[in-house]
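Trainee: The structure's right below; bear with me while I get my questions together.
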Amino acid sequence: ISRKSSNSNSRKKGMQSKIFMAPLVSLPINRHMTLVPVDDVWIRIECDEHVARELSDYFSFDIPAAKFMPQFKKRYWAGKIRLFKLRGHLIYRGLLPRVLEFADQRGYPVTNQVPANPHMVHGALEALVDTLPLTPRVYQLDAVLSMMRNKRGIILSPTGSGKSLIIYLLMRVLDEPTLIVVPTTGLVSQMVSGFASYGMDVATVQTIQAGRTKDVTAPVVVSTWQSIYDMPKSYFEQFRCVIVDEVHLAKAKSLTGLLEKCTVSPYRFGFTGTLDDTQAHRLILEGLFGSVAKVTTTKELVENKQLTPLKVKLCVLKYPETTCRDMRKALYQDEVEFLVTHPVRLEIVSRMAARAKGNVLVLFNFVDKHGKPLYQRIQELAPERDVHFVSGEVDADDRERIRQWVANGDRQIIVASYGTFSTGINIPNLHTMIFASPSKSKIRVLQSIGRSLRLHESKTHATLIDVVDDLRIGVAVNHTFRHAEQRVQYYSMESFPYTMLELGLDRWLESLANASA
């Protein structure tokens, strides 16, 4: 019996070995890709699943701040953004050149059914320019022509380069139902005022913001994206052209969702002075609008005397050794909390603002714990000057009145949150800006600087006071000091000259008490 059992087992093993050793049959792999237009937002890529997964990996990017997000910490999310949708094989239409590049790198055959339909400008632009009360700059006209040829694109141009005039020329030459999206209510009225100064009848422009009707009654609509992002897709079908100012904010999910609803808008243009360095952010914008064109730089505009030169003063606050030792292992949030509530630091920043010459803008991050105490202390230190407070709690009309009051006045001080006054606000006679809260965001820093660069007869240069908190001890470097090092890189990149003065907290108080800022 044991012999039979042994023979039986050996026969089974032999069969198993024959099964596993059978040669595998390789199936042919289809690498062909067919690009099909879906609408003015999406294209579909018809391909095999293995190619689709390659595309998904190729258009996937890590989010730098993902590790701080609850979804990532709980492992609900891998911390990546995927621009190619495996379900439906969809990708943004503006990424068509990137898809063709992907196929070319791998030698994959492509059938491209997405039509190229350039829109050429003949004499319409020249005729429009003749009606303007001012002469456009060469780069402004080049930007308009470039955008019109491609029907879409992003103009990267610094503050003070005349983006509103480029928008006006595009809108008028196209003569299509147009939606202009801006980030804040202050920019709604500012945009319309700019159009009026170029000779446009403002009766043909409708503004939409909180409390106003969203029913479209004019050929041109200027709206904040917060006012209309939750409108149904059918609402956006009435616009053939979509223009987004300060388009760098399009990484916000609600604004991206708004743009994805504009499926019948072939004309799509974005404007910004600064883009994030992350590749994912840039590709999202390219996908929604098209390629980026840089028309000029801050350095060129300063050299051509079209912007005011900027001088940066790095005021380094050196904290006592015991404090540095206590804060050596502090988390970033705890460090920032310590700094913005520090009474001596508050006094130093307040005295800087009270003693600064001309009109002053003080930017902060936290309203209750930092902004309001700064406002109260500056009022006490400068009773002879008008001091204004601006945050999200202040009504949009009041913000605009403050902006105009300062623009027409002298020795005014605005204490404002980054969210309300770091982007788009136009105050030409702004002489001094103070960064009262630490930041490393490239967009926030450069956009904020842009508020002070506009030309005005009352100033030969603008001054930025950058408050740097030095809590270093030994080899330990605190978080906000690293952020300051990042800001210095931005200043060097933009060719802004800077000087540095480092003093202990007591020495700073003494110097500010004995001398003007």
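Trainee: Identify, from the list Tyr108, Tyr92, the residue that is closer than 26 Å to Ser157 by Cβ, touching a residue at least 40 places away in the same chain (Cβ under 8 Å) and not polar (S, T, N, Q).
Mentor: Working: Tyr108 fails: closer than 26 Å to Ser157 by Cβ.
Only one candidate passes the filter, namely Tyr92.
Trainee: Go through (1) touching a Pro at 6+ places or on another chain (Cβ under 9 Å); (2) outside any helix (DSSP H, G or I) for Gln226 and report which single condition fails.
Mentor: Answer for Gln226: the failing condition is (2).
Trainee: From the list Arg137, Arg82, Arg87, Arg75, exactly one residue is open to solvent by 70 Å² or more (accessible area, probe 1.4 Å), modelled with pLDDT under 95, basic (Lys, Arg) and within 22 Å of Leu170 (Cβ to Cβ). Which is it?
Mentor: Working: Arg82 fails: within 22 Å of Leu170 (Cβ to Cβ); Arg87 fails: within 22 Å of Leu170 (Cβ to Cβ); Arg75 fails: within 22 Å of Leu170 (Cβ to Cβ).
Just one listed residue meets the conditions, Arg137.
Trainee: Scan (1) assigned to a helix (DSSP H, G or I); (2) exposed (fewer than 14 other Cβ atoms within 10 Å of the Cβ) for the single condition Gly194 breaks and write down its number.
Mentor: With (1) assigned to a helix (DSSP H, G or I); (2) exposed (fewer than 14 other Cβ atoms within 10 Å of the Cβ) applied to Gly194, the lone miss is (2).
Trainee: Provide a single number: the residues in region 474-483 that are open to solvent by less than 50 Å² (accessible area, probe 1.4 Å), under 19 Å from Phe364 (Cα atoms) and either touching a residue at least 60 places away in the same chain (Cβ under 8 Å) or among the acidic types (Asp, Glu) (or both).
Mentor: Within region 474-483, residues that are open to solvent by less than 50 Å² (accessible area, probe 1.4 Å), under 19 Å from Phe364 (Cα atoms) and either touching a residue at least 60 places away in the same chain (Cβ under 8 Å) or among the acidic types (Asp, Glu) (or both) number 1.
Trainee: Moving to a separate point now. Under the condition of being of a type in the set (A, V, I, L, M) and in contact with a Ser or Thr (Cβ under 8 Å, 6 or more places away or on another chain), which residue from region 197-217 is surrounded by the most Cβ atoms within 10 Å (Cβ to Cβ)? Before you say what the answer is, go through the steps one by one.
Mentor: Within region 197-217, the first condition is being of a type in the set (A, V, I, L, M), and the residues that meet it are 200, 202-203, 205, 208, 210, 216.
Pick out the ones that are also in contact with a Ser or Thr (Cβ under 8 Å, 6 or more places away or on another chain) and you get 208, 210.
Details: Ile208: 20, Ala210: 10.
Ranking the qualifying residues of region 197-217, first place goes to Ile208.
Trainee: Moving to a separate point now. Taking strands (runs of 3 or more DSSP E) that fall entirely within region 386-473, which contain at least 2 residues that are touching a residue at least 60 places away in the same chain (Cβ under 8 Å)?
Mentor: Details: elements: 387-390, 413-417, 430-435, 462-470.
So the answer is 413-417, 430-435, 462-470.
Trainee: Here is a further query. Only residues that are β-branched (Val, Ile, Thr) and either touching a strand residue (DSSP E or B) at 6+ places or on another chain (Cβ under 9 Å) or outside any loop (DSSP other than H, G, I, E, B) (or both): list them for region 124-164, please.
Mentor: Passing the criteria: Val129, Val138, Val144, Ile154, Ile155.
Trainee: Any residue at all in region 412-423 that's in contact with a Gly (Cβ under 7 Å, 6 or more places away or on another chain) and surrounded by fewer than 19 Cβ atoms within 10 Å (Cβ to Cβ)?
Mentor: Within region 412-423, the first condition is being in contact with a Gly (Cβ under 7 Å, 6 or more places away or on another chain), and the residues that meet it are 415, 417, 419-420.
Next cut, surrounded by fewer than 19 Cβ atoms within 10 Å (Cβ to Cβ) only: 419.
Checked against the condition, which is being in contact with a Gly (Cβ under 7 Å, 6 or more places away or on another chain) and surrounded by fewer than 19 Cβ atoms within 10 Å (Cβ to Cβ), region 412-423 yields at least one hit.
Trainee: Something else about it: So which residues in region 155-184 are closer than 18 Å to Arg137 by Cα and touching a Gly at 6+ places or on another chain (Cβ under 9 Å), if there are any at all?
Mentor: Going through region 155-184, the residues closer than 18 Å to Arg137 by Cα turn out to be 155-173.
Once the filter is applied, which keeps residues that are closer than 18 Å to Arg137 by Cα and touching a Gly at 6+ places or on another chain (Cβ under 9 Å), region 155-184 yields Ile155, Leu156, Ser157, Pro158, Thr159, Gly160, Ser161, Lys163, Ser164, Leu165, Ile167, Tyr168.
Trainee: Mind listing whichever residues of region 42-57 are part of a helix (DSSP H, G or I) and open to solvent by less than 30 Å² (accessible area, probe 1.4 Å)? Steps first, please.
Mentor: From region 42-57, those part of a helix (DSSP H, G or I) are 49-57; that's our starting set.
Val51, Ala52, Leu55, Ser56 - these are the residues of region 42-57 that are part of a helix (DSSP H, G or I) and open to solvent by less than 30 Å² (accessible area, probe 1.4 Å).
Trainee: Moving to a separate point now. I'm checking my understanding of the structure. Among residues of region 369-385 that are among the charged types (D, E, K, R) and either in contact (Cβ under 8 Å) with a residue 60 or more places away in the chain or part of a loop (DSSP other than H, G, I, E, B) (or both), which one is nearest to Val336 (Cα to Cα)?
Mentor: The initial filter retains those residues of region 369-385 that are among the charged types (D, E, K, R), namely 369, 372, 377, 380, 384-385.
Those left that are additionally either in contact (Cβ under 8 Å) with a residue 60 or more places away in the chain or part of a loop (DSSP other than H, G, I, E, B) (or both): 384-385.
Values: Glu384: 32, Arg385: 29 Å.
Here the answer is Arg385.
Trainee: Among the residues that make up region 446-453, is at least one of them open to solvent by 50 Å² or more (accessible area, probe 1.4 Å) and charged (D, E, K, R)?
Mentor: We begin by selecting, within region 446-453, every residue open to solvent by 50 Å² or more (accessible area, probe 1.4 Å); these are none.
So far as region 446-453 goes, no, none of its residues is open to solvent by 50 Å² or more (accessible area, probe 1.4 Å) and charged (D, E, K, R).
Trainee: Evaluate the following for Gln333: is it within 27 Å of Val192 (Cα to Cα), out of contact with any strand residue (DSSP E or B) (no Cβ under 9 Å at 6 or more places or on another chain) and free of Cβ contacts under 8 Å to residues at least 40 places away in the same chain?
Mentor: Working: within 27 Å of Val192 (Cα to Cα): no; out of contact with any strand residue (DSSP E or B) (no Cβ under 9 Å at 6 or more places or on another chain): yes; free of Cβ contacts under 8 Å to residues at least 40 places away in the same chain: yes.
Answer is no for this residue.
The values are calculated or read from the model by the stated rules, or taken from the named source; none is laboratory data. Small disclaimer: the values here were computed from a predicted structure and weren't measured. Don't worry about glycine lacking a Cβ; one is built from the backbone with ideal geometry, like all the others, and counts go over all protein chains shown. Accessible surface areas use protein heavy atoms only, side chains included; no ligands, DNA or RNA. Shrake-Rupley method; radii C 1.70, N 1.55, O 1.52, S 1.80 Å.
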